[in-house]
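Take a look at the structure set out below.
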Amino acid sequence: MDFKKVVVAGSGVLGSQIALQTAFKGFDVTIWLRSEGSIDRAKPKLERFKNIYLQTLEAMKTNPQAYCRGLSDKKDLTDDKIDELKDNLIKGYDNLTLTTSYEEAAKDADLVIEAIAEDPKQKIAFYTELAKYLPEKTVIVTNSSTLLPSTFADYTGRPEKYLALHFANDIYRNNTAEIMGHANTSSEYYNQVVEFAQAIGMVPLKLKKEQPAYILNSLLVPFLSAAQGLWADDVADVETIDLTWRLATGAPLGPFQILDIVGLTTAYNIGLMDPRSSDINTIQGKVSAALKKKIDAGELGVNAGKGFYDYTDE
């Protein structure tokens, strides 16, 4: 693996984290965004994650429990080493390039990480346009939460160099990278992506074949969907559902706290894949309508300051 320039398409909850983590680990990172407005919205997200990284690293000097696997593969770090990591983060952050130009983003790109909305039409449009500018060497991966890479492989113009690389939220702490090819993915490029995941501090989780929702979301999405169904059908309120889960399982977060981290737009787009979501008489339809109401009100989750919970004082 000889990747140097990495392009991250999209700066949502995960796109921002992926870009910052990759820059922190020493790669030349460009973020492609759809519009100047998207650039303006991306900047505070990136700054927020930068500050979280810096605060976490500083806390690691005095609190062993603050250690995060994605920041260092070693727990016992001297203060000088932690300060070096902080310097690396600031350098990476300062060197981030944000652009709306396909040509600028694609120039000399070794790897493109697509992290745009879970909307097949948007992904196809992106891949089709990007293919006009990419050099032959470029490998493309998708961070799609639920969609299969085989759905989009031909649109990339390089199906053998296309696969999925899926991250969990809070990637500096939950440093998993699910790697999933399709029938025509070359093992050469699959292995390069595995090496890249390791290089940015992730633990590669290698899937043997395509699976909708990978491993993590095959477990997580039904759980979150069940919680949303209870809420939308007025069985219990958000706080009670979350409290039930935390008390009964010892989990640190309830499903709606997790949804705020994931982002309500992502949850809404995943829900739209169920044809029953258009029928308000079904649970799926009630969930979609309730999520759409919150999204229209700007209550998108942690990054927006409010989702199911209010984060404006944090």
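Each reported figure results from applying straightforward, stated rules to the coordinates on display, with no laboratory input. The shown structure was predicted, so the numbers you read here are calculated from the model rather than taken from an experiment. Cβ: placed from backbone, ideal geometry, glycine included. Neighbour counts: every protein chain shown.
At full extension, Glu103 and Leu243 could sit 45.5 nm farther apart than now, given 0.36 nm per residue minus the alpha carbon distance.
Taking every alpha-carbon pair under 8 Å whose residues sit at least 6 apart, the stretch 218-304 reaches a relative contact order of 27 percent.
Summary value for the chain: 15 percent relative contact order, contacts being C-alpha pairs under 8 angstrom separated by 6+ residues. Along its three principal directions, the equivalent ellipsoid of the stretch 184-232 from the Cα gyration tensor extends over semi-axes of 31, 14, 7 Å, largest first. Over every Cα atom in the stretch 5-206, the radius of gyration and the widest Cα-Cα span, Dmax, amount to 16.6, 51 Å.
Each part gets one Cα centre, and for the stretch 77-125 versus the stretch 254-314 those centres are 27 Å apart. Using only alpha-carbon positions in the stretch 218-304, the gyration tensor eigenvalues give semi-axes of 20, 15, 12 Å once each is multiplied by 5 and square-rooted (largest first).
Once backbone amide H atoms are built at 1.01 Å from N, Glu114 has Ala9, Val141, Thr142, Asn143 as its partners under 5 Å, excluding neighbours fewer than 5 places away on the same chain. Here the stretch 150-210 was treated as a single set of alpha-carbon atoms; its pair distances binned every 10 Å from 0 give 25, 50, 24, 2 percent.
Any idea what % of Cα-Cα pairs in the stretch 63-162 are farther than 19 Å?
56
The trypsin sites (Lys or Arg not before Pro) of the stretch 194-244 meeting both criteria, a DSSP state outside H, G, I, E and B (loop) and at most 10 other C-beta atoms within 10 angstrom of the site's C-beta, are Lys208, Lys209.
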